[in-house]
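Following: one structure in structure tokens, then a few remarks.
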Amino acid sequence: MTLDDVPTIVAIEQESFATPWTEEAFVNELTNNHFARYMVMDYENEVIGYAGMWTIMDEAHVTNVAVREGYRGQGLGERLMTELQRTALLFGARRMTLEVRVSNEVAKRLYAKLGFKPSGIRPGYYSDNKEDALIMWAELPESSEVEQWYDEERI
């Protein structure tokens with residue numbers, strides 16, 4: 001993701017989330033947060049999705065994952081998440097975490113498919129309606145397992 005992508009990313013945020021991040025938030029992530037890693041998914045020279053995380057020591061924290069409305073239901077979110085996991089490994093992460101709305105069954109199924117397991121609740125986490133967030137964690141493969149992990153077409 002580059003600064004030129006930010007207006008498109010903000011548009012995707014607005015169609016994806018009840019409390020979307022602002023342009024300033026993304027600019028700050030790209031210019032001031034040395035833990036931040038953001039990527040875009042491009043189709044025919046158009047950004048149709050993006051994902052981001054913070055890599056801190058041996059952990060990665062997923063911040064955002066979204067796909068443009070017209071491209072959902074095609075496995076693109078899974079591809080973005082898998083690429084995040086792969087990138088986290090390259091930055092030395094051994095574990096990955098995220099929060100998801102307790103009511104978001106589609107996302108919870110995707111994360112479970114990718115090895116995430118529930119580990120707790122953040123009460124009232126979402127500011128728009130005070131919905132709880134489910135905290136999920138996934139163990140990333142050991143370095144000796146990485147090649148096999150890639151060969152299993154996870155990416």
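The values are calculated or read from the model by the stated rules, or taken from the named source; none is laboratory data. Fair warning: this is a prediction, and the values are worked out from it, not measured in the lab. Glycine also receives a Cβ, built like all others from the backbone with ideal geometry; neighbour counts cover every protein chain displayed.
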Can you pull out every residue in the stretch 3-26 that is surrounded by fewer than 13 Cβ atoms within 10 Å (Cβ to Cβ) and under 27 Å from Leu90 (Cα atoms)? Leu3, Asp4
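Go through the stretch 27-44 residue by residue and tally those that are loosely packed, with under 15 Cβ neighbours inside 10 Å and in contact with a strand residue (DSSP E or B) (Cβ under 6 Å, 6 or more places away or on another chain). Let's see the steps before the verdict.
So in the stretch 27-44, the residues loosely packed, with under 15 Cβ neighbours inside 10 Å come out as 27-28, 31-35, 42-44.
Now narrow it down to the ones that are in contact with a strand residue (DSSP E or B) (Cβ under 6 Å, 6 or more places away or on another chain): 35.
Total satisfying the criteria: 1.
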What's the number of the condition Lys130 fails, among (1) closer than 17 Å to Ser16 by Cβ; (2) without any contact (Cβ under 8 Å) to a residue 12 or more places away in the chain; (3) assigned to a loop (DSSP other than H, G, I, E, B)? (1)
Total residues in the stretch 45-81, condition surrounded by 18 or more Cβ atoms within 10 Å (Cβ to Cβ), in contact with a helix residue (DSSP H, G or I) (Cβ under 8 Å, 6 or more places away or on another chain) and of a type outside the set (Gly, Ala, Ser): 12
Specify the residue that is farthest from Tyr50 (Cα to Cα); the eligible residues are those in the stretch 1-28 that are at pLDDT 95 or above and hydroxyl-bearing (Ser, Thr, Tyr). Thr22
Anything in the stretch 98-109 that is aliphatic (A, V, I, L, M), under 15 Å from Ala51 (Cα atoms) and either in contact with a Ser or Thr (Cβ under 7 Å, 6 or more places away or on another chain) or modelled with pLDDT of 95 or more (or both)? List them, or say none. Leu98, Val100
